[in-house]
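For reference, the structure is listed below as structure tokens.
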């Protein structure tokens, strides 16, 4: 009988679609990536990989990486599920990065600067000896060359595997930035989702200008930890970028597609340089095919795309980052 015959389902390659963890819309991956990982439906800003952040921020071909030879050591012989030394090796092979911070010189709309970008994929962007040293050297390079420094934070906090050595980086990075400010230098912090723990409590919060991406979680301890501790309900939007802007903790919120131009304008204002017209413009988003499933655009709970870190609400960051 005809009704017993089933149409064979077409084979579709995996990974073509991802689900927005904010609104639940189904997003065509190619279009999603062309929009720099921003949801076309609700504007939710997913965490951006470090190298993509560098490409988005720096003028094409201008980025020259510095201090790439710095690597962390397991000075404590720390053992969790696996030894820290082994975890470092595995993460380096998986990410292709030496650690959670990428530093180099570049131009942004023609304005020279030092750019430091954190990579959340490397142990939750946690700050250890290498991240702290790279931040300090980035600031010192800016001071030496008399150019601005931009530090893009994306982190779960201090790296627990390194103990007090990781906590020391908070003081070191703040002291180096204070030296830059005393000499009349200029620094910009860009806090992206998530920026928490010891990174929030150090260099990310003490630059001359504090910028955040929309909806970014920014705080020290996570909201659930705080609510449990004080036994009170937290205000709506607590620790989100919009809440912090309202309270005066950050200077402005800039959407991802406008960030590069905004950084150039701010540096031009601070240094007296001219902003050069963009050498490249963000590619136009390609139209997506029809999303699978009639309920694809409805808001409902679902598993996150495994390649993307979740929004976080007080849980411990990946592999030892603070919450």
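Brief remarks follow.
- Residue that is farthest from the chain's Cα centre (by Cα) [pool: residues in the range 139-150 that are within 11 Å of residue 180 (Cα to Cα) and part of a helix (DSSP H, G or I)]: 144
- Here residue 223 passes the criteria (1) more than 28 Å from residue 60 (Cβ to Cβ); (2) touching a residue at least 24 places away in the same chain (Cβ under 8 Å); (3) touching a helix residue (DSSP H, G or I) at 6+ places or on another chain (Cβ under 6 Å) except the one numbered (3).
- Helices (runs of 4 or more DSSP H) contained entirely in the range 5-110, each with at least 1 residues that are at pLDDT 90 or above and in the same structural domain as residue 158 (by TED's automatic domain parsing): 50-57, 84-95
- Any hit, the range 229-244, residues being closer than 28 Å to residue 26 by Cβ and at pLDDT below 90: no
- Filter result for residue 136 (assigned to a loop (DSSP other than H, G, I, E, B) and closer than 15 Å to residue 99 by Cβ): no
- Filtered residues of the range 52-68 (kept if more than 19 Å from residue 195 (Cβ to Cβ) and out of contact with any strand residue (DSSP E or B) (no Cβ under 6 Å at 6 or more places or on another chain)): 55, 60, 61, 68
The values are calculated or read from the model by the stated rules, or taken from the named source; none is laboratory data. Remember, predicted model here, so these are calculated numbers, not experimental data. For neighbour counting, all protein chains shown are included, and Cβ atoms are generated from backbone atoms with ideal geometry for every residue, glycine included.
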